[in-house]
Each structure stands twice: as structure tokens, then as C-alpha cells.
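For reference, the structure discussed in these notes is given below.
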């Protein structure tokens, strides 16, 4: 038992981080499922984290309320910028979200209430493992149901061909806004949870590089099913830990993996169809 | 003070334009946002530094080294990564993601090879002259950068408009399939463009590393983000756009910092980017992204 | 059976006698060895390494060798937490040095504090670090101890009436330095013509400097890291700004002059360390560092070197029982009593005031030296 206690003491934060990254990967998955490439989720995470941390530090509100506020604040912002930006397509949308992310980071950096570059410290340790596990399970379940629902099918149609979807009578704009905003909610929630087990947050954690990290995890795992983001988040969070011996080169490994996956496994590591086909071939070949 | 700030805007803008030229060229011909352009920019700087410090070579040799090293990396990225993705007709966000991977690899490899300490070119290679005209101060290197930016833009623009090669490239930019039907060696020109654009990036890296007296593995990142703003402002794929967009951004940043507040300086580029995307996504000179087959 | 029993006896005897013989003292080092913060983390690590090697060469502390367990925290807060946890719970170190950035200490310090293990920062200068708890120590002198003296000295020397200020507003170190500068300038009643900012990675300061020039200050106060400081000085001179600079802690690096050459003449800097401080302890450190690492040390290396020696001095007074918790507590209790004469000069600890009456850790109690740059070198300022 002491072995487990030691293991948990050493690695609990790492495991929490896997959970948070999985939530973030889900949030990007959602937007990608609708054909949107958004780099804004790191900024939404930041907005959620700061909202939650400030409420805890200044007003001492109970944790569930703080979490709720942390997920609603980015939603409000997402709605506000979503309406004008979601008209843009593909690459332009991607860059608009990138721009939004950078502007938010600079705003947070320059406000006094957010502590500026010194960030907020002394955030109490309130997140427990079961918070993350429960929320992850609920979000995963919710997204799985969403996928199979009419909304999910509409997303699929929009992703395939937006023009055709519109002709079919799908309210494309409303659906895109929904995906975008819900993604912001999940990202904000992840941020709020993260703030309450790392004691400290600063604007630097919610910038372009972080948005790229989340995107990488999701692309790596594959977006054809919800297992992909989970897998991608787990691998890319744990891998650097295992590769400590490579020193500076261990981050290069992430880059290599990304390139290899894009080239050879375009549907990501976990693609239900490809795996089934592989099994069938093995079975049939006998 | 106004004249000095105008000059400051001009020089900063030329720096951005120099970077954006290669960036926009790749977009125009290959229709790919090559996010590894910042990394090849940085590698070019290191290549020149290596040659100048280890072989006591003059600066122009360093520039050639930068062009070659960056160029071949750009070529490699095209042959090994972009070409298979083209063959597979991948949606254009996928190559962008792959080039992000290339950036991660290059940045960390250089970190491992050269360390994170800021390096600089030895003093002997720095052009030293300073000029003072009235109240305005300017360095010879800055004049050089402005001149090179304008010159390169003019050369590229002329080449694209008047030469056979340029016409072929413009045909590809319109529609690669049609160009192929016309007998143009599309793949070959893709490779050439990747090489040339990356080489341009490498040269920009050397000049900027000289001007700002600082070379680090991370120097490509901030300028890449500014580069995105520039090419959208100026119109993606347009050479004049790269120069005009770069100058516009340079002036906008300098004047916001000089006359409003230096705190918002960083946000200016992205605020502008956001606005332009909402109002006129094709930028000043650009055409819309959709390409006919 | 006879042979087996003999064997067991010998084995038992050997292990018993080994309990009395030298056991390695495990010391954790969590620094940023990769990423943007590595330029501070690596000199930190080097400083620890140098000190530990010197101590071990002399036979260790009370006959016990110091064993450094070094981990890379990448300058990221989650990594800092992970590394701290690994060092505390898996490697079971007695004390942790680091992390590199103040931000990382805010994240990981509470972990060490809760585990009743000392976290000793050597490069954390932000406000509030030692408020984290009674197990947090640092020997990095706070700007609020240094800057008032620097400004007062510069003002007197140059007869300064008004200044312009420039600082990096996206880095906790330079921003908190600015906060101190601002307070000091107000207290000493020196008007500020304009306050300009830049962000890390910025290399072009001409817009801000042109504005500064327009305000005609008598000096330019910079809260900047050495890299940007050097470029700011160069560009300022290039624009025709002739007035002197007054720098914060970040100026204190040999790099400053490598880059800016004579552009920095007449700059005032206050710091506990400069490489040509003639004190023998410092000269020994500088020479040893150059020999071992082949480059000039900087302030970070010096503070790390001293920090390890401080911890060693505390360990010297202890008899380690082998019980991890007891030993960690004993070390924590012994540290505040230590005073040494290190590369950064005479040093002792000072208890931190603490926030809302909560128990806090220990800061550095060190007098800064004021240096003026002459001939491209830091020279101890003689005038009073």
C-alpha cells in the first residue's frame, strides 16, 4: 500500500494533467467535428481559469459555483466573437481565432486585476481526482450522445460540405455557433479545474503554443471517435515524462510524431474503421 | 520626433516585409500556410552564424550559407511532407499542421545543438556606420534592410509578371491542374518555389539577426505570428501585399507604441488581423482562397 | 547450513557497518534545462554542481557525499510540480533547490511546503514567494532591498531631476522590478517623464526610445533582463540618447557588455554580485567556474553556488538520523541560523513578514553593492 501512496504522491499531478488535456482535446474535437479549426480554445481555457481563480481568491465562493462561472465566462465571449467570425471559412477562421487568442492574452497581461505577468498565486488546492474524473466522464458521455443525435449528424454534414448542408435545410450558422460555444465551455471548465490544483496561473499558459499543443493531441489521436482525443492527450502528456533522458530533444519527438501521424496515419492513431478493417483482413486472410 | 518615428516604422515594417515575402510566395503558389517558415528563418540565421564564427568567413558567405541551408530544408519539407499530402489531396489544414510539427522539430534540434543562450554575430561582420540627418538617426544596416526589402519585392514582382517562369508560377497559382495540362512541370516548380521561399526566409533571418543583435532558437516564433498578420493584411499570395502589409504593420505598431501606449503594441498586430478578417478577409491585394482545382 | 549462516552473519555485519559508514546526502535540483528559461536554469545548475563537487572533493559534509539529483522542469509550472513531487516522494531528497522562475515556485512551492521539505529558490525574486510557507527559502536578493540604494546613488552622482522608465511588462521579474522602481521614484520624489514597456522577445525598441528621447530625461531607468537591456542601450545610443542608464537586477550579467560594449558607460547597477568584486571568495568562485565550465559565470551561477554552500553549512551542524521526515525538518530548522561569506559576499537569512500573519519562509539579508560601468566593466562605486 505504501507503494501506491508513494506513486500517487509523485504522479497525481501528472495524472490530473492528463485529465485536463483530455478535456481540452474534447473541446477541440467538438469544433473539428463541425469542420471548424479553432485556435481559440487555449484563450477560452485562460478566461475560465482567471474567472474561477479570481472568484475564489477575492470572493471565496464555493467550488461548484466557481467552476460553473469558469465555464460560463468563456461561453459569453465565444458567443460574442463567434457571430462575426464564424462566417469565415477554413484558414481565415483559423487565423481569426489565433488573433483573438493573442489579443486576449495581451488583455489579461495588462489588466491589474489579473495580476498582469505575475499572474495569480496562492490559489487553494480544491480540485480532487474525482472532480476531474467525473467531469471527464460526463463530457465524454455527453459528446458521445451528441454525436449520434440529430445535432451530431448535422455537424457531420456541415463538415463534409457546408453548402450542401445549407441546401438541405440545416441552420449552419446556429450549429457552428453551438459547437464553438460548447467547446469554449469545456475549455473554460478545464482551465478552472487546472487553476485549482496548480496554485498559480499566468497569461503565458494560454497562448499560441498551448493552442497548438491541444490541436496536436487531438490530431494525433484522431477525430473519428472520442477515443482519439483521449488517446492523444494521454500519449502526448506522458511521453515527455518517459523520455526525460533525451533532454532538449524530447520535445522534438512530439514534432516528429505529429509529422509522422499526419503523413502516415491521417485519420489519427485511433480510427475505428481502419482498426476494424485491419482485424477483418487478419481474420479473412487466414 | 515624428520623422524619427516614421523612419522607425519604415525599418520595422521592412523587417516584417522581408519575412513575409517568402511566406506569401509559398502560399501563393502552393496554397499552403507553411508555419515552418519561422523555423527556417531561424535556422538560416544559425547557419550564417556558424559559417562566420567557425570558418572566419565574411558576411556574404554567411548569407549564402543561410540561403542554401534554409532552402534545402524548405525543399526537404516539400518533397518529404507536402508532396505526399498533395498526392493524397489532403484538405489544406493538414499540411499546415504538418509544418507545425516541422517547426517543433527544428526549434528543439537547434536548441539541442546550439543551446538556448542568445548568440550574436561577431562584431567584425556588423556594418558599423551610423547616419544622422538633423534629429533623425539611422543605422547603415537598417537602410540596407529597407533597400533589400524593396529590391526583393521589385525583383520578385517583375519576375512573376514578365518572365516565363513567373507566368508558369502564376498559372499554377490559378489552377495547378490546368497548368499541368498546359505542360508546365508543376511538381518541379513547387519544389523550386519551396526552395526559393525558404532561402528568402533564411536571408531574412540573417539580416534580422544582425539588426537586432540576437539569435535564439525561439526567434522565429514571434515573427511568424506577425508574418501571418502581414500576409492576411496584404493579401495572401501577393508579393506587393507582403511589402505593403509589412510596412502597414510596422507603422501601426510604431505609432501605437509611440503615441498611444507601448503596452498595447503587441496587440496591435493581432487586433488589426482580427479586424481585417472581419471586414475584408482577402486583404489589400489578395484574392479569395478558393482555388479552382 | 553452516556456510549459509556464516554468509548471513557476514552480510548482516556488512550492512550494519555500512549504516555507520558514509551515506550519500541526496539533494534535489529542479531547474529549467530546456526552453526559454534555460538561460537562467543552466547557470543555476552549474553553480550547484561546482559547489557540490568542491565539497565532495574535500570529503563531503561530515564525511557524507553530496549527491545532486537534477531534473529539468522546463520553465513550466506543471513540470515544476511534477519534478518536485518526483524529487520529494520518489527520490526522497532532503532539500530541493529551484525552480528557476518565480512563477514555477508559486506553483511548486506549496507542494514542497505541504510535504515539509525545504524549497530553496536562488533565482526567484517576485514578491510573495516566501509567503508561500515556512519551508520556502531564497537567497536571491529582492529588488526592494537593492533599488532604493541604486536610485539614490545615481541621483546624487548625476544630479538627476527627472527620469524616463522602460520595462518588460510580460515577465514577472521585470514587472515586479518596475513596481519597486515606481515606488522608489515616488518616495524619492523624482518625476517620471514617460513610462514605456516592451514584451519579451521584442528586439525593436526604437518607437519607445524615440518617445523617451522626446521627454528629455536625465537618465533612463530600466527594469530589464540583460539581453533586452543591452539592445535597449545600443538602440538608445543609436538614436542619439546620451543620458545614463540605471538598471535593476537583470543588468547584472557579463553578457551586458559583450553586447552593448561602450553603450553602457556610466550605467548604475545595484547587485549583490559582480564578477570583478575582488573579495577572495568571489575570485575563487569565478576562477573555478571558468575552469570547470569554460565560460564566465553570471549572477545566477553565483547565487546557486552560495546557496549550496549555505545548505552544506547547515548540514554540517546536523547529525542525520536516517529518518527522512526528521532530517528534512532538522535541515529546515538549521538553515535560518546559517551565515556565510560567499561569492555574493556576506550572507544571512531574514524571516519574511508573511501575509495575514501566516507563517512564512526566509529571504536574503544582503547588502547590495552599487556598481558603475566604466570601460565596459562593472566598477565598485566609490563615491558616497
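The values are calculated or read from the model by the stated rules, or taken from the named source; none is laboratory data. Quick caveat: nothing in here was measured; it's all calculated off a predicted structure. Neighbour counts run over all protein chains shown; Cβ positions are idealised from the backbone, glycine included.
What number goes with the only condition from (1) within 30 Å of residue C:38 (Cα to Cα); (2) touching a residue at least 40 places away in the same chain (Cβ under 8 Å); (3) part of a helix (DSSP H, G or I) that residue B:273 does not pass?
(1)
Say whether the condition of being more than 7 Å from chain A (Cβ to nearest Cβ), closer than 24 Å to residue A:244 by Cα and assigned to a helix (DSSP H, G or I) is met by at least one residue in region B:90-102.
no
Quick one: residue A:82 ticks every box in (1) modelled with pLDDT of 90 or more; (2) under 23 Å from residue A:197 (Cα atoms); (3) crowded, with 21+ Cβ neighbours inside 10 Å except a single one, so which number is it?
(2)
Please determine whether any residue of region B:244-256 is in contact (Cβ under 8 Å) with a residue 40 or more places away in the chain, within 11 Å of another protein chain (Cβ to nearest Cβ), part of a helix (DSSP H, G or I) and closer than 27 Å to residue B:93 by Cβ.
No, region B:244-256 contains no residue that is in contact (Cβ under 8 Å) with a residue 40 or more places away in the chain, within 11 Å of another protein chain (Cβ to nearest Cβ), part of a helix (DSSP H, G or I) and closer than 27 Å to residue B:93 by Cβ.
Among the numbered criteria (1) crowded, with 17+ Cβ neighbours inside 10 Å; (2) in contact with a helix residue (DSSP H, G or I) (Cβ under 6 Å, 6 or more places away or on another chain); (3) not in a loop (DSSP other than H, G, I, E, B), which single criterion is violated by residue A:38?
Failing condition for residue A:38: (3).
Find the helices (runs of 4 or more DSSP H) located wholly in region A:226-286 whose residues include 3 or more that are under 22 Å from residue A:23 (Cα atoms), and list them.
Because the criterion is at least 3 residues that are under 22 Å from residue A:23 (Cα atoms), the helices (runs of 4 or more DSSP H) in region A:226-286 that meet it are A:227-242, A:249-264.
Taking residue A:77, is it surrounded by fewer than 24 Cβ atoms within 10 Å (Cβ to Cβ), at negative phi, touching a residue at least 24 places away in the same chain (Cβ under 8 Å) and within 14 Å of chain B (Cβ to nearest Cβ)?
Numbers: surrounded by fewer than 24 Cβ atoms within 10 Å (Cβ to Cβ): yes; at negative phi: yes; touching a residue at least 24 places away in the same chain (Cβ under 8 Å): yes; within 14 Å of chain B (Cβ to nearest Cβ): yes.
Judged against the criteria, residue A:77 is a match.
Could you tell me which of the residues C:56, C:46 is out of contact with any helix residue (DSSP H, G or I) (no Cβ under 8 Å at 6 or more places or on another chain), outside any loop (DSSP other than H, G, I, E, B) and away from chain A (no Cβ under 14 Å)?
Working: C:46 fails: out of contact with any helix residue (DSSP H, G or I) (no Cβ under 8 Å at 6 or more places or on another chain).
Matching residue, one of C:56, C:46: C:56.
Let's see how each residue does on (1) at pLDDT below 90; (2) buried (at least 24 other Cβ atoms within 10 Å of the Cβ):
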residue: B:246; (1), (2): no, yes
residue: B:249; (1), (2): no, yes
residue: B:257; (1), (2): yes, yes
residue: B:267; (1), (2): yes, no
residue: B:270; (1), (2): yes, yes
residue: B:273; (1), (2): yes, yes
residue: B:278; (1), (2): yes, no
residue: B:281; (1), (2): yes, no
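Report, by residue number, each residue of region B:1-14 that is assigned to a helix (DSSP H, G or I) and over 14 Å from residue B:269 (Cα atoms). Before you say what the answer is, go through the steps one by one.
First, pick out the residues of region B:1-14 that are assigned to a helix (DSSP H, G or I): B:2-14.
Scanning region B:1-14 gives B:2, B:3, B:4, B:5, B:6, B:7, B:8, B:10, B:11, B:14.
(1) within 14 Å of chain C (Cβ to nearest Cβ); (2) surrounded by fewer than 24 Cβ atoms within 10 Å (Cβ to Cβ): which one isn't true of residue B:208, the others all being true?
(2)
How do the helices (runs of 4 or more DSSP H) wholly within region A:105-217 filter down when requiring 3 or more residues that are in contact (Cβ under 8 Å) with a residue 24 or more places away in the chain and more than 14 Å from chain C (Cβ to nearest Cβ): which remain?
A:129-148, A:150-160, A:172-198
Working only within region C:312-336, note down all residues that are assigned to a helix (DSSP H, G or I), within 24 Å of residue C:59 (Cβ to Cβ) and touching a strand residue (DSSP E or B) at 6+ places or on another chain (Cβ under 8 Å).
Matches in region C:312-336: C:312, C:313, C:315, C:316, C:328, C:331, C:335.
Check whether at least one residue in region A:61-74 is within 14 Å of chain C (Cβ to nearest Cβ) and either over 19 Å from residue A:229 (Cβ atoms) or in a helix (DSSP H, G or I) (or both), and report yes or no. Break it down into steps so the answer makes sense when it comes.
First pass over region A:61-74, keeping only residues within 14 Å of chain C (Cβ to nearest Cβ): none.
Within region A:61-74 (the criterion being within 14 Å of chain C (Cβ to nearest Cβ) and either over 19 Å from residue A:229 (Cβ atoms) or in a helix (DSSP H, G or I) (or both)), the answer is no, since none of the residues qualifies.
Of the residues that sit in region A:228-241 and are within 14 Å of residue A:265 (Cβ to Cβ) and surrounded by fewer than 23 Cβ atoms within 10 Å (Cβ to Cβ), which one is nearest to the other protein chains (Cβ to nearest Cβ)?
First pass over region A:228-241, keeping only residues within 14 Å of residue A:265 (Cβ to Cβ): A:228, A:231-232, A:235.
Filter again for surrounded by fewer than 23 Cβ atoms within 10 Å (Cβ to Cβ), leaving A:231, A:235.
Details: A:231: 17, A:235: 15 Å.
Looking at the filtered set, the residue picked out is A:235.
Of the conditions (1) under 23 Å from the mean Cα position of the chain (by Cα); (2) buried (at least 17 other Cβ atoms within 10 Å of the Cβ); (3) within 30 Å of residue C:295 (Cβ to Cβ), residue B:127 clears all except one; give me its number.
(2)
Of the conditions (1) within 30 Å of residue C:249 (Cα to Cα); (2) at pLDDT 90 or above, residue C:67 clears all except one; give me its number.
Failing condition for residue C:67: (1).
Residues that are more than 29 Å from residue C:323 (Cα to Cα), at pLDDT 90 or above, within 12 Å of another protein chain (Cβ to nearest Cβ) and crowded, with 24+ Cβ neighbours inside 10 Å: does region C:146-165 have at least one?
Among the residues of region C:146-165, at least one is more than 29 Å from residue C:323 (Cα to Cα), at pLDDT 90 or above, within 12 Å of another protein chain (Cβ to nearest Cβ) and crowded, with 24+ Cβ neighbours inside 10 Å, which makes the answer yes.
Is it the case that residue C:130 is within 30 Å of residue C:340 (Cβ to Cβ) and surrounded by fewer than 24 Cβ atoms within 10 Å (Cβ to Cβ)? Spell out how you get there, then give the answer.
Working: within 30 Å of residue C:340 (Cβ to Cβ): yes; surrounded by fewer than 24 Cβ atoms within 10 Å (Cβ to Cβ): no.
So residue C:130 does not fit the description; no.
Are any residues in region C:231-250 farther than 16 Å from residue B:211 by Cβ and more than 30 Å from the chain's Cα centre (by Cα), and if so, which ones? Before you say what the answer is, go through the steps one by one.
First, pick out the residues of region C:231-250 that are farther than 16 Å from residue B:211 by Cβ: C:240-250.
Residues satisfying the conditions are C:240, C:241, C:242.
So is residue C:89 within 8 Å of chain A (Cβ to nearest Cβ) and surrounded by fewer than 24 Cβ atoms within 10 Å (Cβ to Cβ) or not?
Considered against the rule, which asks whether it is within 8 Å of chain A (Cβ to nearest Cβ) and surrounded by fewer than 24 Cβ atoms within 10 Å (Cβ to Cβ), residue C:89 comes out as yes.
Go through region C:344-365 and give me each residue that's surrounded by 14 or more Cβ atoms within 10 Å (Cβ to Cβ), farther than 19 Å from residue C:303 by Cβ and without any contact (Cβ under 8 Å) to a residue 24 or more places away in the chain.
C:351
Tally time: how many residues in region C:80-111 are free of Cβ contacts under 8 Å to residues at least 24 places away in the same chain and closer than 17 Å to residue C:33 by Cβ? So that I can check it myself, show each step before the final result.
First, the residues of region C:80-111 that are free of Cβ contacts under 8 Å to residues at least 24 places away in the same chain: C:82, C:86, C:90, C:110.
Then drop every residue that is not closer than 17 Å to residue C:33 by Cβ, which leaves C:82, C:86.
Summing the residues that are free of Cβ contacts under 8 Å to residues at least 24 places away in the same chain and closer than 17 Å to residue C:33 by Cβ in region C:80-111 gives 2.
Please determine whether any residue of region C:181-204 is touching a helix residue (DSSP H, G or I) at 6+ places or on another chain (Cβ under 6 Å), over 23 Å from residue C:147 (Cα atoms) and assigned to a helix (DSSP H, G or I).
Scanning region C:181-204, I find no residue that is touching a helix residue (DSSP H, G or I) at 6+ places or on another chain (Cβ under 6 Å), over 23 Å from residue C:147 (Cα atoms) and assigned to a helix (DSSP H, G or I), so the answer is no.
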